[in-house]
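Contents: one structure, followed by commentary.
Nothing in this text is a laboratory measurement; each read-out follows from the coordinates by a stated rule. Keep in mind that what you see is a predicted model, and the values were worked out from it rather than measured. So basically every Cβ, Gly included, is an ideal-geometry build from the backbone, and we count neighbours across all protein chains shown.
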Amino acid sequence: MRTSSGCLEGECARHSSAPFRGVSGACGIVRRRRAQRRCCEAGGRAAAESRHTNETPLPAAVRYAATRGQIPPLPLRLFRRTSAKTETATDSPERHSDTSTTSATATAERPPSRPQEDAGEGPRPARKRRRSRGGRRRRRSDAQAVHENGSAPNGAREREREPSREANPTEPAAFHAAGVRGDGLRAIAALGFEQPTPIQERSMPLLYEGRDVVGLAQTGTGKTLAFGEPLARSIDPGRNEVQGLVLVPTRELCDQVTEVIAHLGDFYGFRTIRLVGGKPINRDLEALDRGGHVIVGTPGRVIDHLRRRTLSLTRASFVVLDEADEMLDIGFAKDIDQILRQAPLDRQTALFSATMPMSISRLVWRYMRDSERVEAAPTQLQPVDTVRQLYVEVASRDKFHALEHLHDTMDLGRSLIFRRTKVGVDKLTDGLRRDGIQARAIHGDLRQSERDRVMRDFRSGKLEWLVATNVAARGLDIPDIAHVVNYDVPQNAEEYIHRVGRTARAGKEGSAITFVGEWELGEWEAIVERVGDDALEHLDIPTRFD
């Protein structure tokens, strides 16, 4: 090791504790100092030369050992400080044979742990640098993103949603004119629709613009697709969180809406979760744990999950109230208030209803922002033109006999019979079954499994008649109901429209027959005043005394 003066420790007499042998007295001291000066001067020149050439001089022990062929292992710091000129001389085969001091020094400084370089194989190729997990990742292509996530990234999805200049000839061009694009056109074509309904033509463009919409249309006019397609377009499948909410009044209607939304989700790449009462809540919890983008449910079950904190609506940017008037009539007003308070204030809200009572107006004023009202129904409440409206003036005690007469003479086929109360539904069903008529009851007291079995038998044709209350029948969507019988007069014109709307769906023909008893004349006159008597026909049925 060199001292600050550049001399080698152990060789300089000044730094050695051992005295010079054979030297004593004053002469010995003089000789010792001269030797010290010569040693320090030589060491200083060596240090200056080392700094000039950027080469590390070897210790004496190493230098002496190299001349004898003994090369001890060197410290790593000495190897790192070797100059580039020395490494070049070592790697070159021509300079490797040179016996100069530089070559010998480089040979001595080469670590013995690299046998392949000594054999003349050259240096190892540089290893590729691995980035940490937090480093910048290589950008994936859109095709890779679609393959990995099941949905295109934001940029690709926006490019897909951009309006194309020309519609695909295989897609419904009429929906293209209404603002539907890309995946929406393909989904609608798969459903078999070719022309949009009036409510779809008027509400879809507004919903695409992000406006709040109040849609007034009768039952069976395509309201589900009117709000379902704009909702589907607003979903970002890459965000695994609830972004849309659809509230419906009944379980059956929830099943129908879920089927349409899930069909759209197959094309847009998002998942739909159905939340209804009457079924084990564990299934809901499993579905919520897996994650979904759109919730379709009844207000009661949605409130249940909000209280359990198993559902969050903080990112629900699109909220739909379907059949809002019926939900308020059932008594879901407080539940709807609590649900809407959980959603963001800057959400987009769509409300669809067949009627516009004062309760709906208060809901719109409280929870909607600059809403646009769209009326696809005439100002005067009227069923669709394909419904033949009949009424029968009959005493209350003769209604059952009149119903049997219709069954025997008119061949009603698959029909839906309405009564006001659950007790009346069960009583009428028992009487029909005693007379050999295949009829079953459906109301809110039935378990969900029984309701599903009844609906399955009715759709398959095992049952002729289905006796139901207003609430239970509100969500039914059976396209082949030929006749609707109002065994009890509806309480108001709105309820009459809802009942009659169960038949003549999707452009088909049907008839609605109303039994008017002696105690129901006042209610019937109010309905006729709202609906209009031009489309009503009187039907004579003989009583049991005729």
Original post:
Which net charge results for the neighbourhood of VAL484, defined as the other residues with beta-carbon distances under 9 angstrom from its beta-carbon, given Lys and Arg at +1 and Asp and Glu at -1?
Top reply: +2
Original post:
With r defined as the distance between the Cβ atoms of ILE437 and MET358 and R0 fixed at 35 Å, what FRET efficiency is calculated, to the nearest 0.05?
Top reply: 0.30
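So for each of 436-443, 458-465, 492-499 I average, over its residues, the number of other beta carbons within 10 Å; can you give me the resulting order with the highest mean first? The partial results should precede the final answer.
Working: 436-443: 18.6, 458-465: 15.6, 492-499: 21.5.
Taking the mean over residues of other Cβ atoms within 10 Å, the ranking is 492-499, 436-443, 458-465.
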**OP:** Show me 341-351, 321-331, 362-372 ranked by packing, highest mean number of other Cβ atoms within 10 Å first.
**Re:** 321-331, 341-351, 362-372
Original post:
Label points 7 Å out from Cα along the Cβ direction at VAL423 and HIS538: separation in nm?
Top reply: 3.4
Original post:
Contour minus end-to-end for ASP457 and GLU194, with contour as 0.36 nm per residue of separation and end-to-end as the Cα-Cα distance?
Top reply: 91.6 nm
**OP:** List the residues whose amide H sits under 5 Å from the amide H of LEU275, counting only those 5 or more places along or on another chain, with H placed 1.01 Å from N in the peptide plane.
**Re:** VAL296, GLY297, THR298
Original post:
Given the Cα-Cα distance of HIS401 and ASP385 and 0.36 nm per residue of separation, how much length would full extension add, in nm?
Top reply: 2.8 nm
**OP:** Would you please give the FRET efficiency between GLU509 and GLN448, computed as 1/(1 + (r/R0)^6) with r the Cβ-Cβ distance and R0 = 35 Å, to the nearest 0.05?
**Re:** 0.60
